[in-house]
Amino acid sequence: MAITRQQVTQHPLLELTTGFMSFKTFAAAVELDVFTKLAGGREVTLPEFAQLVDLQERPTRLLLPALVSLKLLEKKGEFYRNSAVAEEFLVNDKPYFFGGFVQFYSHALYQGWEHLVGALRANTPVLAPPDGDTVFGSEDDFMIRYFWEAMHALAGFTGLALSEAYDFSAHQRVLDVGGGSGGIPIELCRRVPGLTGTVYELPHVCPIVEEKAAAAGLAGVVGAQAGDFTKDERLPSGYDAMILSQVLHVLDEENGRALLKKCYDALEPGGAVFVCELLLDADRSGPAPAALMGLNMLIAHHGGENYSDQEYRTWLAEAGFVDLEVVRFEAAGATGAVIGRKGTGHRVIGSEGTGGV
Ligand SMILES: C[S@@+](CC[C@H](N)C(=O)[O-])C[C@H]1O[C@@H](n2cnc3c(N)ncnc32)[C@H](O)[C@@H]1O
């Protein structure tokens, strides 16, 4: 059947093709500190903007309409100011600052994705060391500076969204397995009186956790324990909640299932494990953030992909967990938590599925 002009246009293809321009414009503005310089509702004219950001007149004239069209800045008359989303998430000292994530994608993943075709053909990651090791073993300044800042940018908001979807008040001690900089336990402990948290991480990541906890005023409430969940036979014990956020997606299925079994063995009876991920639909038709993050695992890791909540439920049940359910929320790093319990007893707000107590 002939396709008429009314049925389809090239516009969606143009959007896909120029997507990189949007991203790089956004990343450049973050790198130039545009949003931090305009913090607090500051309004500037074009010449004032040029001076503030230290750009010449022509690039400023080209950059400003792009940032307005991307809804990162607003224009009122001759004046430019941060949009609401930029003011909330792109100002350097704000609690859910997103800039670290943008910088990591711009300086590391962007280059990796240039080799996507090769990774697809060879089933070989671009960024991981060739010896089968992971990108996380690296103690290089780049990873320390960008990667865990990137994770921190997402984790705090995941913690916020999780704490709104699930009532943690019945829990006392939370272990964040592969918890990165500790953004999730910092957020949970800030919100739940009496809750303490430990991040179980590779040794070179632990100082970052201590630093972030101290900066949040939670030194002594959130701490770090050095370990390696692949090599250690047992995980730390004495915890009645365990978080696995964006950890199972970096592992292949065999290692992911093995880690869940270790969580089950170490968890206190009656405790719960929370698998926080960008969850794929059961029929693997999307959504795009989960599907694209899956491809990102091909770029960055030897194994690992994104899964649906049904798949995680199967893994959790096999590890011994019961009362399985999923709570959905909206965060850039996770669209829900698949919960399994070693026993019963915790109240869940807004859950779907079976077994809520
Ligand atoms: C994708 S990041 C997720 C970080 C954090 N959970 C979050 O959601 O922001 C994966 C984390 O797992 C940690 N990790 C990887 N392999 C590990 C291992 N064998 N033992 C302990 N932690 C590990 C990495 O250091 C990294 O911080």
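The values are calculated or read from the model by the stated rules, or taken from the named source; none is laboratory data. Because the structure is predicted, anything quoted here is derived from the model rather than measured. FYI the Cβ positions are ideal-geometry reconstructions off the backbone, even for glycines, and counts take in every protein chain you see.
In the list 282, 226, which residue meets the criterion of being within 14 Å of the ligand (Cβ to nearest atom) and at pLDDT 95 or above? It would help to see each step written out before you state the result.
Details: 282 fails: within 14 Å of the ligand (Cβ to nearest atom).
One residue alone meets the criteria, 226.
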Show the residue pairs that are 6+ apart or on different chains and have beta-carbon atoms under 6 Å apart, the first residue being within region 195-206 and under 11 Å from residue 181 (Cα atoms) and free of Cβ contacts under 8 Å to residues at least 24 places away in the same chain, the second being buried (at least 18 other Cβ atoms within 10 Å of the Cβ) and among the aliphatic types (A, V, I, L, M). 206/224
Looking at 244, 248, 235, 298 in this structure, which one is touching a residue at least 60 places away in the same chain (Cβ under 8 Å), within 16 Å of the ligand (Cβ to nearest atom), in the same structural domain as residue 163 (by TED's automatic domain parsing) and touching a Lys or Arg at 6+ places or on another chain (Cβ under 7 Å)? 235
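In region 182-212, how many residues are closer than 23 Å to residue 142 by Cα and part of a strand (DSSP E or B)?
Residues in region 182-212 being closer than 23 Å to residue 142 by Cα and part of a strand (DSSP E or B): 3 in total.
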Output for Cβ contacts, cut-off 9 Å, separation at least six or different chains, first residue assigned by TED's automatic domain parsing to the domain that holds residue 25 in region 110-127, second of a type in the set (D, E, K, R), reads none
If we scan region 213-236, do we find a residue that is assigned to a helix (DSSP H, G or I), out of contact with any strand residue (DSSP E or B) (no Cβ under 7 Å at 6 or more places or on another chain) and crowded, with 19+ Cβ neighbours inside 10 Å? no
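If I filter region 154-166 down to residues being more than 10 Å from the chain's Cα centre (by Cα) and part of a helix (DSSP H, G or I), which single residue comes out as nearest to the ligand (Cβ to nearest atom)? Talk me through it step by step, then tell me what you get.
As a first pass, look at region 154-166 and keep what is more than 10 Å from the chain's Cα centre (by Cα): 159-166.
Filter once more, so that each one left must be part of a helix (DSSP H, G or I): 159-165.
Details: 159: 9, 160: 13, 161: 12, 162: 11, 163: 14, 164: 17, 165: 16 Å.
Once the filter is applied, the top-ranked residue is 159.
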Given the condition closer than 18 Å to residue 243 by Cα and assigned by TED's automatic domain parsing to the domain that holds residue 293, answer yes or no: does some residue in region 137-149 qualify? yes
All conditions in (1) small (Gly, Ala, Ser); (2) part of a helix (DSSP H, G or I); (3) surrounded by fewer than 21 Cβ atoms within 10 Å (Cβ to Cβ) are true of residue 303 except (2)
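Just for region 251-269: of the residues that are in a helix (DSSP H, G or I) and within 13 Å of the ligand (Cβ to nearest atom), which one is farthest from residue 316 (Cα to Cα)?
The initial filter retains those residues of region 251-269 that are in a helix (DSSP H, G or I), namely 253-266.
Still in the list and also within 13 Å of the ligand (Cβ to nearest atom): 255-256, 258-259, 262-263.
Details: 255: 13, 256: 10, 258: 10, 259: 10, 262: 11, 263: 10 Å.
Result: 255.
Here's a check for you: in region 44-81, which residue that is in contact with a strand residue (DSSP E or B) (Cβ under 7 Å, 6 or more places away or on another chain) and aliphatic (A, V, I, L, M) is surrounded by the fewest Cβ atoms within 10 Å (Cβ to Cβ)?
At the first step, the residues of region 44-81 found to be in contact with a strand residue (DSSP E or B) (Cβ under 7 Å, 6 or more places away or on another chain) are 44-45, 49, 52, 64, 67-68, 73-74, 79-81.
Those still in the list that are aliphatic (A, V, I, L, M) too: 44, 52, 64, 67-68, 73.
On the way: 44: 19, 52: 16, 64: 21, 67: 23, 68: 14, 73: 23.
Selected residue: 68.
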Which members of region 101-116 meet the condition of being over 15 Å from the mean Cα position of the chain (by Cα) and either under 13 Å from residue 27 (Cα atoms) or assigned to a helix (DSSP H, G or I) (or both)? 106, 107, 108, 110, 111, 112, 113, 116
Just the residues that are part of a helix (DSSP H, G or I), surrounded by fewer than 18 Cβ atoms within 10 Å (Cβ to Cβ) and without any contact (Cβ under 8 Å) to a residue 24 or more places away in the chain, please, taken from region 134-153. 141, 145
One residue from 9, 60, 17, 45 being over 25 Å from residue 100 (Cβ atoms), more than 23 Å from the chain's Cα centre (by Cα) and at pLDDT below 95: 9
Going residue by residue through region 167-181, is there one that turns out to be assigned to a strand (DSSP E or B), in contact with a strand residue (DSSP E or B) (Cβ under 8 Å, 6 or more places away or on another chain) and within 11 Å of the ligand (Cβ to nearest atom)? yes
Return a yes/no flag: does region 82-103 have any residue that is buried (at least 19 other Cβ atoms within 10 Å of the Cβ), away from the ligand (no atom under 16 Å from the Cβ) and in contact (Cβ under 8 Å) with a residue 60 or more places away in the chain. yes
